[in-house]
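So the structure is just underneath, and the comments pick up after that.
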Amino acid sequence: MDSLADKDEAHASPESSDSTAGTVTRERPLYTAEVTALGEDGRGVAELDGRRIFIDGALPGERVRFHYLRKRKRSAGGRAVEILQSSPLRVTPPCTHADRCGGCRLQHLHPDAQLQFKEDLLREKLRAAGGLVPRRWLPAITGPRLHYRRRARLGVRYIPSRGGVLVGFRARASSYIIALRQCMVLDERVAGLMPALAELVNSMRGRDRIPQIEVAAGDEEAALVFRHLVAFDDAELERLAAFGRSHGLQIHLQPRGPDSVWCLHPGASARLSYRLPAHEVEIVFRPTDFIQVNGAVNRAMVDRAVALLEPRSEERILDLFCGLGNFTLPLARRAREVVGLEMDPLLVAGAEANARRNGLHGVRFHQVDLETQAAGEFWRRYRPHKVLLDPARDGAMPFLKHMPRGDDRPQRLLYISCNPATLARDAEYLVRVLGFRLECCGVVDMFPHTSHVEAMAVFERA
């Protein structure tokens with residue numbers, strides 16, 4: 001049998017307390033359950049005493065001993081502490097913090113099974129949305145499973161009773177910080193720096209006023225952004241710059257909102273970028289800009305997007321929620337005109353600058369609220385042949401409701417989703433109301449070892 005006994009209670013678990021010296025561990029009664037399924041969030045699902053229980057660290061087919069974390073009338077949350085009967089799909093997590101950290105929930109599940117779980121979830125969401133089934137399923141896009149994260153936000157907390165500053169990710173279902181020694185999914189240039197970062201922050205006068213450190217990594221350079229609520233003095237600024245020099249990292253400071261970020265080291269000449277080689281495009285970004293987290297998967301996703309849309313030299317394409325031009329600029333290499341719409345004016349300015357750097361002239365960008373009636377003007381103004389949609393988790397329903405019907409519809413629509421539930425909802429509207437056909441669909445494994453599911457779906461005008 002496998003033991004999942006607590007390894008590191010000092011690293012802020014739900015049983016520990018910030019308010020007392022040392023660690024306070026509460027004894028909890030243990031229960032036994034048979035796990036029958038995997039929930040959407042990656043927790044094992046069991047039934048006990050008429051209540052559905054979602055158990056962290058448990059897999060289907062396993063018999064586990066667990067304790068409750070919370071109870072409701074019809075459901076409960078729990079945490080496995082011992083595996084009495086193990087699933088053949090269980091593996092040893094690559095990370096020693098895996099049973100506590102909220103960053104990765106599925107490291108104990110074989111990677112192939114993780115992918116199958118995500119594909120099954122996508123199929124089920126589409127099936128539940130009016131029985132939708134694509135004409136063909138696309139093979140999953142996959143990439144490296146370790147050290148793939150080029151964007152992350154590290155939590156920082158000063159706790160005198162724990163010896164000072166903790167730097168890491170939040171514990172599962174908790175506001176506590178796991179004091180990481182190393183993160184196996186972060187970019188390798190930053191993955192082992194949490195203890196050194198904790199020591200650095202602990203040396204600051206305002207160590208209790210530094211709530212987070214953002215990580216942003218490009219192909220050549222990586223950066224840390226220190227959010228700070230009190231100003232650093234000259235000696236502290238020099239320590240921060242020295243940290244950047246010794247680890248080969250850019251150091252940025254953020255005293256207020258995102259537009260207040262400035263580069264301490266190496267200075268104004270610093271830049272971050274990534275390349276899309278197949279399209280001869282380089283995307284320059286600020287350390288606080290949104291970019292796709294997994295660089296290798298993003299390159300494959302852009303390649304597939306261009307292949308699926310098949311842009312032609314006489315066509316106009318509309319790219320909605322276009323960000324910095326991740327898809328817009330590669331499409332502009334082939335189409336007559338590509339128009340990018342984005343809600344964030346800072347991203348629009350960055351996209352325009354990227355178009356100029358890459359020598360692309362048949363592309364334009366607009367800042368527009370994609371949830372208002374004004375968004376409908378762009379359908380009438382541009383009458384696109386094809387459309388790419390890459391919305392946030394809430395999906396694109398407000399914008400889709402402004403889409404024209406009949407022959408004024410685009411011929412093809414590529415939907416890139418980070419939420420299978422809203423993809424399925426929007427897909428049903430596209431098929432049942434707007435008369436599109438769901439041509440193909442497939443999973444994009446942007447976040448290995450997590451339950452996060454991304455997907456691509458193509459809709460053709462029927």
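The values are calculated or read from the model by the stated rules, or taken from the named source; none is laboratory data. Because the structure is a prediction, the values reported are computed rather than measured. Cβ coordinates were reconstructed from backbone atoms using ideal geometry, including for glycine residues, and neighbour counts include every protein chain displayed.
Summary table
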read-out: Selection status of Arg304, in the same structural domain as His452 (by TED's automatic domain parsing), more than 23 Å from Pro448 (Cβ to Cβ), in contact (Cβ under 8 Å) with a residue 12 or more places away in the chain and surrounded by fewer than 22 Cβ atoms within 10 Å (Cβ to Cβ); value: no
read-out: Residue among Arg70, Arg65, Arg79 that is assigned to a strand (DSSP E or B) and under 30 Å from Gly192 (Cβ atoms); value: Arg79
read-out: One residue from Val387, Val368 being of a type outside the set (Lys, Arg), in contact (Cβ under 8 Å) with a residue 40 or more places away in the chain and in the same structural domain as Gly295 (by TED's automatic domain parsing); value: Val387
read-out: Cβ-Cβ under 7 Å pairs, at least 6 apart or on other chains, the range 124-140 side surrounded by 13 or more Cβ atoms within 10 Å (Cβ to Cβ), far side part of a loop (DSSP other than H, G, I, E, B) and of a type outside the set (A, V, I, L, M); value: Ala140/Asp445
read-out: Exclusive hit being in contact (Cβ under 8 Å) with a residue 60 or more places away in the chain, in a strand (DSSP E or B), surrounded by 20 or more Cβ atoms within 10 Å (Cβ to Cβ) and assigned by TED's automatic domain parsing to the domain that holds Arg127, set Met456, Met446; value: Met456
read-out: Selection from the range 240-283 of residues that are loosely packed, with under 14 Cβ neighbours inside 10 Å and more than 28 Å from the chain's Cα centre (by Cα); value: Ala242, Arg245, Ser246, Gly267, Ala268, Ser269
read-out: Checklist (1) part of a loop (DSSP other than H, G, I, E, B); (2) among the hydroxyl-bearing types (Ser, Thr, Tyr); (3) more than 30 Å from Ala152 (Cα to Cα) applied to Ser451, failing item; value: (3)
read-out: Of residues in the range 37-70 being among the charged types (D, E, K, R) and within 24 Å of the chain's Cα centre (by Cα), the one nearest to Leu121 (Cα to Cα); value: Glu40
read-out: Which numbered condition Ala296 fails, given (1) under 20 Å from the mean Cα position of the chain (by Cα); (2) crowded, with 16+ Cβ neighbours inside 10 Å; value: (2)
read-out: Helices (runs of 4 or more DSSP H) enclosed by the range 324-408 - at least 1 residues per element that are among the hydroxyl-bearing types (Ser, Thr, Tyr) and at negative phi; value: 328-332, 376-382
read-out: Single residue of Glu282, Glu238 found to be outside the structural domain of Leu346 (by TED's automatic domain parsing) and touching a strand residue (DSSP E or B) at 6+ places or on another chain (Cβ under 9 Å); value: Glu282
read-out: One residue from Gly192, Gly257, Gly218 being of a type in the set (Gly, Ala, Ser) and at pLDDT below 95; value: Gly257
read-out: Selection status of Leu200, over 30 Å from Asp303 (Cβ atoms), in contact with a helix residue (DSSP H, G or I) (Cβ under 9 Å, 6 or more places away or on another chain) and not in a helix (DSSP H, G or I); value: no
